[in-house]
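Each reported figure results from applying straightforward, stated rules to the coordinates on display, with no laboratory input. Everything numeric here is computed off the predicted structure, so don't read it as measured data. Cβ coordinates were reconstructed from backbone atoms using ideal geometry, including for glycine residues, and neighbour counts include every protein chain displayed.
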Amino acid sequence: MKHLNMAISSHTHGKIFVFYWLPVILYCLLIFIQSSYPATDSLPSIPHMDKLAHAGAYALLAYLLFRVFQLTRIRKSAVLLVILSALSSSVYGISDEIHQYFVPSRMADIADMAANTVGSFMGAIAAQIILNRQ
């Protein structure tokens with residue numbers, strides 16, 4: 001019986017990894033790779049479009065992290081879920097801005113860090129609203 005429980009548990013952990021953690025890991029990798037290339041002026045010349053792109057990117061990361069953190073014991077505290085998701089996403093965004101300091105033709109930008117943080121909180125709040133409605 002213990003062997004069966006371990007097999008079920010292993011299967012469940014595999015599904016959790018694939019459906020919850022893997023999207024977070026792949027998305028963080030995508031952000032890192034994209035920010036490792038020299039800067040381009042590919043965004044349209046709409047004022048502050050780059051800040052909207054930063055906010056959107058980190059809103060999605062916070063959303064994905066929220067899904068992961070819902071699987072933990074803190075799922076009972078909506079406020080803690082939002083804060084942990086947003087802060088985790090923000091810290092990744094800040095670390096990525098620092099990483100860009102070392103990439104040719106890129107720079108670490110405080111305004112981008114702020115956009116990452118605002119987007120992170122927006123994404124975490126959106127996740128709280130959307131995922132708890134289901």
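The figures follow:
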| read-out | value |
| --- | --- |
| Of every Cα-Cα pair in segment 12-58, the percent that sits beyond 15 Å | 59 |
| Estimated FRET transfer efficiency when R0 is 35 angstrom, pair Ala108-Thr12 (beta carbons, to 0.05) | 0.30 |
| Sparsely packed chymotrypsin sites (Phe, Trp or Tyr not before Pro) within segment 49-134, loop by DSSP, other Cβ within 10 Å at most 11 | Tyr101, Phe102 |
| Helical segments meeting 15 Å axial Cα length and Kyte-Doolittle 1.6 threshold in the chain (DSSP H) | 22-36 |
| Computed over segment 11-134: relative contact order in percent, which uses C-alpha pairs under 8 Å that are six or more apart | 34 |
| At 1.002 mPa s and 20 °C, Stokes D of segment 56-134 from Kirkwood alpha-carbon radius, µm² per second | 170 |
| Over the chain: helical MRE at 222 nm, DSSP H runs n ≥ 4 each giving -39500 (n - 2.57), nearest 500 | -24500 deg cm²/dmol |
